[in-house]
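These notes are about the structure you will find just below.
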Number of protein chains: 2
Amino acid sequence: MQDSIYSDYPPPLSPAQKDFLVTTVKDWTAQHGLMVRPAPSFISKESNPHGVLATNAPVTLFPSPFPRSCFEEAKALQTVYNQLYAAITCDEEWIGKIMEDLIDVDDFISNLWKVHQDVKKEGYTQTLSLGLYRSDYMTHAPPSSTVPALKQVEFNTISSSFGGLSSLVASLHADLLNSPPGHPIAYPSHPLFNSNVPPENTAVETLSAGLATAHKAYGPSKSNPDLPTCILFVVQENERNTFDQLALFRHLTKVHNLPVFRLLRSEILNHTSIADSNPSRPLVYSPPHSPKTRFEVSTVYLRCFYAPTDYTSERDWEARTHLERSAAIKCPTVLNQLAGCKIVQQVLAESTGPDHLAHFLTGTDPATINRVRATFAPQYDLSSSGRGRELALNPETALNHVLKPQREGGGNNIYKDAIPGFLRSIPETEWKRWILMELITPPAEAKNVALRSDGEVLGGHVIGELGVYGTILWDQAGGKVLHNEQGGWLMRTKARDVNEGGVATGFSSLDSILLF
Amino acid sequence: MQDSIYSDYPPPLSPAQKDFLVTTVKDWTAQHGLMVRPAPSFISKESNPHGVLATNAPVTLFPSPFPRSCFEEAKALQTVYNQLYAAITCDEEWIGKIMEDLIDVDDFISNLWKVHQDVKKEGYTQTLSLGLYRSDYMTHAPPSSTVPALKQVEFNTISSSFGGLSSLVASLHADLLNSPPGHPIAYPSHPLFNSNVPPENTAVETLSAGLATAHKAYGPSKSNPDLPTCILFVVQENERNTFDQLALFRHLTKVHNLPVFRLLRSEILNHTSIADSNPSRPLVYSPPHSPKTRFEVSTVYLRCFYAPTDYTSERDWEARTHLERSAAIKCPTVLNQLAGCKIVQQVLAESTGPDHLAHFLTGTDPATINRVRATFAPQYDLSSSGRGRELALNPETALNHVLKPQREGGGNNIYKDAIPGFLRSIPETEWKRWILMELITPPAEAKNVALRSDGEVLGGHVIGELGVYGTILWDQAGGKVLHNEQGGWLMRTKARDVNEGGVATGFSSLDSILLF
């Protein structure tokens, strides 16, 4: 059944149909802000010296079929996942043990842990913690299966992106499916299109509501005299995915009526301050365009600091520590970021040893816990001899696996037959930096056509990844949960011959879904 | 009073303030579709082969002060102006007389007139006619005056553009004035900003409602068997102002739920047809992306064919004739386009001879007619000796005038001291192609800062031009008016040292207004 859905999808396009779709998508994206700044490889700085140009985000021309059961399951489990990662973050000792091994070999993890230790020594002044999460899944449909299963690829606890753009892609595809009103002909006809549109996508509303809830929970100004409070987005230099962030910015401003500012990572120490004299340590922001005005930051929303490349000097670690020790609610704290390391996912998925999952989800009914567990793909520690090393070094079993670095931020996965050779090429002491994960088998016949940001149109076999957004606000002192919501989703679709790549790097496209 | 408003406006910007405003405007425009396609002089076809790039429309950083009395007067007179141009269009004989002189010397006018004559010979099958108009004004404030006066620059009866983008500029400036909510600091403080935002701009709603009203008035299909009806936007090749048009397209689709298509001028004869066998001559459109589907065009909305450059071959005239003879309601008809020639404006403004204005506005109270008349700047015919030639050839009086070609579409105005020399350089038989108009004296101290589409930021003295939109649907057989509305406005601001230029060519910027 599953294969038959994918095998004749999408319907073939005549040159005129393709032309119409591509032109319509190019215009729609620019009209609705489904845009990115062009990569320097596409448009050089010299030909665009003032950085005014924008281009479409990479998008598929068609929504992708997705099993309704998997979609509903991912949504149903999101608040449980939120709770799980909040509970893990509250268990500092447990995280510390997990990190112990890594600290020796991974500077990034080691530095993050040090930030936390330093602030802990001084004492945290803010116990509320905000998570804006995205849990990423693939459908697992090996030839033997009859019903597709939902398998988690990763769980993002920092800078979970594309919520702003993904709701726009759903609107784009919905508009195409209804175009023109009453007589839809933008797409060739196909049974999947009959009275079907992508499910509602409330990513912008959900993520914004998370930030607004934290802002409100922060309460009155801790400064003397009182200052107006604001939310601060901390962002990267040369960010190309600006319009994704601005969708949340706009919603917070227009719907929640809140002051929001964007600040470059490199400018944190220039424009924010914490008065030594105030033991509450409110974070005060002076906008450079109005230096006499001061705001107190209720919530720091990090859209940077997730990858080692975001820390180019000691000053960046200083800035991170500065934010961490402030009274602002962090989205996320360093501990919450560490809870998102792939090693945590692997430890949770371990089939031998203590049942960490049940431990962290105490109070959740066992059936639900088992549904969460069912989303784990088998994962293995490589730090010592055992099942993991066996599977990785055997060329036959390696074919069914991927080797992932424990660090966040993607990149450098090693696939299949490359695994044994790669492991032998690095010192055994470094193997613990890697996690072996059983490959998920997505629908073999899935196909789509994508419009890249440089305007190239590429079609072929694809792999889709569904992300589901959730937000949680909790008190790190005691673990009380103040807000726990799911809402909104992201479909990313990449060409099957590409093993890896984030959307922003152009190897994959934003997509939406049609449930079947 | 007026001068004092302008003399300290806009407030000066520090480098950080300018930086913030420019960055914010660049991002806002891309997020909200306040965009144009980049000019080839900025980004070459080679570096953007698939045409995906977009850039901000040229916009001012600040809204411009505008006298409330002039704004209200322009709005109050718009439906009267709508009625005036409908009445003129109904008087074919009167237009014919006006055109008589021009036909010899102006191929463009001559060809338009011929299209009308040809269709008239065969017999029009559609008597309803739709006007989407924009009346453009400047405020006239010579040093002697105490109260600024409203003076009409031109009245556009075809392809009145920028309604879609101008409402976005009003939103942009309103957002900046309120940013962040509760503590506005995007702009330096200025008395004009206190609790002030640009007036509501309903250009998209008004223009779309005009098109939707015509669509409805067209009634049921005249084809056999019945076809679904649609609105057809006919557009230029290499249009850079696409997103302005798409704002109306989206509103018609999303709010009025109507099928709308865009068709290139050069493709009219390829994809539309009129069956010889059907005496009603319904215009049938077969979308190239769905060639088996056929729609009957209720309303043809021309965003082309307004300038001689839109007719590159006999085939273009054939296409125009094809549309004109069809049963579709034209926005506008050839006659309505001709009514918008500058010579008509000049004849209406003539202070000697018959009172054409009163004649066409029979039934309108004399006070209102005089208010319309008060918006005319003195204009003179140059076809024969008289006051016009005197003023134009005298170097002293020429300084207070502009020489305008009678054709639509702008371009090639001759200013002040260049007038006598120019006239002497062309044969006297061609003088009748030009109209001499007294220069309007806009506020001398008006200043603003503009972000061009290539990212350059330019500040200085400016001249502003306010356009007010109106729509009218009438029956050409008898003149009965079925719909007459005003709504929405456009502010265009250009550097004062630039005498001429449409927004799309980059010499001037879209703007909004703050009333005082």
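The figures follow:
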| read-out | value |
| --- | --- |
| Exercise: per-residue mean of other protein chain Cβ atoms within 10 Å, A:32-44 | 3 |
| The range B:298-362 - Kirkwood radius from inverse mean 1/r over Cα pairs (Å) | 13.9 Å |
| Protein accessible area in chain A, 1.4 Å probe - carbon and sulfur % | 52 percent |
| Relative contact order (percent, whole number), the range B:380-439, Cα cutoff 8 Å, 6+ residue spacing | 46 percent |
| In Å², nearest 10: area of A:Y380 left accessible to a 1.4 Å probe | 50 Å² |
| 14 Å tail of the calculated P(r), the range A:128-173, as % of Cα pairs | 66 percent |
| Threshold 40 Å² - residues in the range B:278-299 whose accessible area is reduced by that much or more when the chain is no longer isolated, probe 1.4 Å | B:H289 |
| Contact order normalised by residue count of chain B, Cα under 8 Å, 6+ apart, percent | 27 percent |
| P(r) tail fraction, the range A:121-257 - alpha-carbon pairs more than 23 Å apart, % | 56 percent |
| Expected-Rg normalisation [2.2 N^0.38 Å, Cα atoms] applied to the range B:380-439 | 0.97 |
| Distances in nm from A:N400 to the matching label points in the other copies, shortest first (labels 7 Å along Cα to Cβ) | 9.5 |
| Globularity ratio of the range A:284-441, using Cα Rg and 2.2 N^0.38 Å | 1.35 |
| Across A:K330/A:K432; A:K151/A:K216; B:K114/B:K480; A:K26/B:K292, pairs whose alpha-carbon gap is larger than 32 Å | A:K151/A:K216 |
| Mean-position separation - Cα centroids, the range A:467-491 and the range B:32-96, in angstrom | 47 Å |
| Chains B and A, summed buried accessible surface - 1.4 Å probe, Å², nearest 100 | 4200 Å² |
| Average accessible surface area per residue within the range B:303-383, 1.4 Å rolling probe, Å² | 35 Å² |
| Relative contact order (%) - criterion: Cα under 8 Å, at least six apart; region: the range B:145-291 | 21 percent |
| Two-decimal log10 I(q)/I(0) for chain A, as the Debye equation yields it once each C-alpha is a single scatterer, q = 0.06, 0.10, 0.11, 0.12 Å⁻¹ | -0.28, -0.81, -0.99, -1.18 |
| Residue-averaged [θ]222 nm for chain B, counting only DSSP H segments that reach four residues, each worth -39500 (n - 2.57) | -10500 deg cm²/dmol |
| Average partner coverage of A:7-16, which counts Cβ from other chains inside 10 Å | 1 |
| Accessible area of B:T146 in the full protein assembly, 1.4 Å probe (Å², nearest 10) | 120 Å² |
| Considering only the protein assembly as shown, percent of DSSP beta bridges that pair antiparallel, nearest 5 | 75 percent |
| Whole-angstrom gap from the range B:399-458 to the range A:99-133, using each part's C-alpha centre | 67 Å |
| Nm distances between copies for A:S144, ranked from closest, using label points 7 Å along Cα→Cβ | 9.9 |
| Area of B:D104 that stays accessible when all protein chains are in place (1.4 Å probe, Å², to 10) | 120 Å² |
| The protein assembly as shown: translational diffusion in µm²/s, Stokes-Einstein, Kirkwood Rh over Cα pairs, 4 °C, 1.567 mPa s | 41 µm²/s |
| Shielding by partners - mean other protein chain Cβ count within 10 Å, residues of B:245-252 | 2 |
| Drop in accessible area of at least 30 Å² in the complex versus isolated chain, residues of the range A:173-197, 1.4 Å probe | A:D175, A:P180, A:P181, A:H183, A:I185 |
| Net charge of neighbours whose Cβ lies under 9 Å from the Cβ of A:A450, counting Lys and Arg as +1 and Asp and Glu as -1 | 0 |
| DSSP-defined beta bridges in chain B - what % are antiparallel, rounded to 5 | 75 percent |
| Other copies of A:E456: label-to-label distances in nm, shortest first, labels 7 Å along the beta-carbon direction | 3.4 |
| Kirkwood-based Rg to Rh ratio, the range B:92-156, C-alpha trace | 1.19 |
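The values are calculated or read from the model by the stated rules, or taken from the named source; none is laboratory data. This is a predicted model, so every value here is computed, not measured. Every residue, glycine as well, gets a Cβ built from its backbone with ideal geometry; the counts of neighbours run over all protein chains shown. For the accessible areas, the whole protein counts, side chains as well, though only heavy atoms, and no ligand, DNA or RNA atoms are used. Shrake-Rupley method; radii C 1.70, N 1.55, O 1.52, S 1.80 Å.
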